[in-house]
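Written out below as structure tokens is the structure these notes cover.
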Amino acid sequence: MAGDYLHWQFQHTRKNADLTILAATDDQTAFIAPKSANHTVYIQKISISITTYSAKTWTFKDTADTPVEIAYLSIPTAVTALPSESGTIVFDFGPTGTPLTKGKGLTLDVSAAGAAGRVHVEAYEKLEGSVAEASTN
């Protein structure tokens, strides 16, 4: 039997994503996008492993005109001395997740190039509006 996170992904549509952010990488726009304007993406978990440290910030937000920020990470200049302060950073929004604005995707806003790492996002999308018969909208 699937865990609670997978339950929601199987009931709706999985929208998981993996990103490799290089030191020269800038913003990642709409790397998770909804199928239509009538779908809402729910972010369940964001896991980040920093591989190159640089005093930068990474902000995860939706693509609305006035973006809704769901996670913010301040990356230090150098790796920290304590194991409890480094490693994988996890933003966990629980099995049902936190919704983005209906019809909007997930974007990673990088303050400037310099930091690098891996990002894994667990998410699903759910139809939340009426649609015409036999349409994908």
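The values are calculated or read from the model by the stated rules, or taken from the named source; none is laboratory data. Every value quoted in this text rests on a predicted model; they were computed, and no experiment measured them. Reconstructed Cβ throughout: ideal geometry from the backbone, glycine too, with neighbour counts over all protein chains shown.
Has segment 16-27 got any residue that is surrounded by 17 or more Cβ atoms within 10 Å (Cβ to Cβ), part of a loop (DSSP other than H, G, I, E, B), modelled with pLDDT of 90 or more and on the phi < 0 side of the Ramachandran plot? No, that holds for no residue. In the set (1) in a strand (DSSP E or B); (2) modelled with pLDDT of 95 or more; (3) surrounded by 18 or more Cβ atoms within 10 Å (Cβ to Cβ), PHE91 fails one condition alone, (3). Scanning segment 47-68 for residues that are buried (at least 17 other Cβ atoms within 10 Å of the Cβ), assigned to a loop (DSSP other than H, G, I, E, B) and without any contact (Cβ under 8 Å) to a residue 60 or more places away in the chain yields a single hit, THR63. The set of residues from segment 109-134 being under 22 Å from THR20 (Cβ atoms) and in a strand (DSSP E or B) comprises ASP109, VAL110, ALA113, ALA115, ALA116, GLY117, ARG118, VAL119, HIS120, VAL121, GLU122, ALA123. Among what's in segment 1-15 and is assigned to a loop (DSSP other than H, G, I, E, B) and out of contact with any Lys or Arg (no Cβ under 8 Å at 6 or more places or on another chain), pick the residue that is farthest from THR57 (Cα to Cα). Only one residue tops the list, namely MET1. Selection of first residues in segment 85-106 that are among the aromatic types (Phe, Trp, Tyr) and of second residues that are surrounded by 15 or more Cβ atoms within 10 Å (Cβ to Cβ), restricted to Cβ pairs under 6 Å at least 6 apart or on distinct chains, gives the following pairs, ordered by first then second residue: PHE91/ILE46; PHE91/ALA71; PHE93/ILE43; PHE93/GLN44. Beta carbons closer than 7 Å, at least 6 apart along the sequence or on distinct chains, pair a first residue in segment 16-27 that is farther than 16 Å from GLY105 by Cβ with a second that is among the polar types (S, T, N, Q) and surrounded by 12 or more Cβ atoms within 10 Å (Cβ to Cβ) for ALA23/THR52. Would you check if LYS35 is in contact (Cβ under 8 Å) with a residue 60 or more places away in the chain, surrounded by fewer than 17 Cβ atoms within 10 Å (Cβ to Cβ) and either under 19 Å from GLY129 (Cβ atoms) or more than 11 Å from the chain's Cα centre (by Cα) (or both)? Against the criterion (in contact (Cβ under 8 Å) with a residue 60 or more places away in the chain, surrounded by fewer than 17 Cβ atoms within 10 Å (Cβ to Cβ) and either under 19 Å from GLY129 (Cβ atoms) or more than 11 Å from the chain's Cα centre (by Cα) (or both)), LYS35 qualifies.
Return the residue satisfying two criteria in turn: it lies in segment 94-108 and is assigned to a loop (DSSP other than H, G, I, E, B) and touching a Phe, Trp or Tyr at 6+ places or on another chain (Cβ under 8 Å), and of such residues it is surrounded by the fewest Cβ atoms within 10 Å (Cβ to Cβ). Ranking the qualifying residues of segment 94-108, first place goes to THR96.
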